[in-house]
Amino acid sequence: MQRIESVQNAMEQAKQVSAAILGLPRPEPEVAWFWSDQFDVKLKIAGLSVDPDEIILRGSPSSDAFSVLHLRQGALICVETVNMTADFMASKKIIARGNKLSAAALLDTQIPLKALVV
Ligand SMILES: Cc1cc2nc3c(=O)[nH]c(=O)nc-3n(C[C@H](O)[C@H](O)[C@H](O)COP(=O)(O)OP(=O)(O)OC[C@H]3O[C@@H](n4cnc5c(N)ncnc54)[C@H](O)[C@@H]3O)c2cc1C
């Protein structure tokens with residue numbers, strides 16, 4: 001059990017609870033996500049970094065856009081993106097599918113993460 005303090009999680013819980021109350025089919029659960037704008041930095045996080053065994057830096061923190069990918073047993077479980085909305089959007093789908101990924105492909109910024117969504 002984990003308490004997640006974010007607007008998106010509050011909305012997701014409302015969808016799940018209202019479907020249960022009305023006896024409707026459960027909506028497909030959404031991957032937990034969070035965003036915050038800090039001056040010119042757009043921070044977006046998807047998934048939960050629980051027991052990652054590999055952390056991959058995609059891009060460079062010295063640039064104004066990079067992502068940090070958290071993997072467990074070869075599967076992406078969490079991404080933290082800084083001014084990298086495309087990585088965030090693709091990662092959300094990759095996390096939901098739970099497929100295994102090659103670290104080399106994740107490190108290669110020439111390969112868009114959306115190309116790894118299967
Ligand atoms: C300083 C701060 C910054 C945050 N920044 C972010 C952020 O950048 N991004 C993000 O995703 N999340 C952020 N959060 C978290 C986010 O605001 C909460 O997770 C979210 O608002 C929870 O939604 P909720 O509907 O469960 O509760 P709330 O938004 O707290 O709504 C509960 C409502 O119920 C009302 N209420 C309470 N008791 C009663 C009662 N007895 N009778 C009638 N009405 C009652 C309250 O007045 C309130 O309007 C932040 C929170 C704080 C405090």
Per-selection Kirkwood Rh - the chain (Cα, Å, 1 d.p.):
15.2 Å
Among Met84, Leu113, Ser63 the positive-end extreme of the charge dipole of segment 32-116 (Cβ point charges)
Leu113
Taking only DSSP H segments of four or more residues, each worth -39500 (n - 2.57), what value at 222 nm results for the chain once the sum is divided by all its residues, to the nearest 500 deg cm²/dmol?
-9000 deg cm²/dmol
Between the alpha-carbon centers of segment 1-58 and segment 71-93, tell me the distance in whole angstrom.
13 Å
In whole Hz, the Karplus estimates of ³J(HN,Hα) for segment 34-43 (6.51, -1.76, 1.60; θ = phi - 60°; x where Gly or Pro) are 8, 9, 7, 9, 10, 6, 8, 9, 9, 9
Quote the charge dipole size of segment 17-118 about the Cα centre in Debye, to the nearest 20; the model charges only the Cβ of Lys and Arg (+1) and of Asp and Glu (-1).
360 debye
Taking a straight Cα-to-Cα line shorter than 24 Å from Lys114, and setting aside same-chain lysines fewer than 8 residues away, one finds Lys42, Lys44, Lys92, Lys93, Lys100
Please report the relative contact order for the chain, taking Cα pairs under 8 Å with a sequence separation of at least 6, and give it as a percent rounded to a whole number.
19 percent
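All of the numbers you see were taken from the coordinates with simple rules; none came from a lab. None of these values were measured; they are calculated from a predicted model. As a convention, Cβ positions derive from the backbone with ideal geometry for all residues, glycine included, and neighbour counts pool all protein chains shown.
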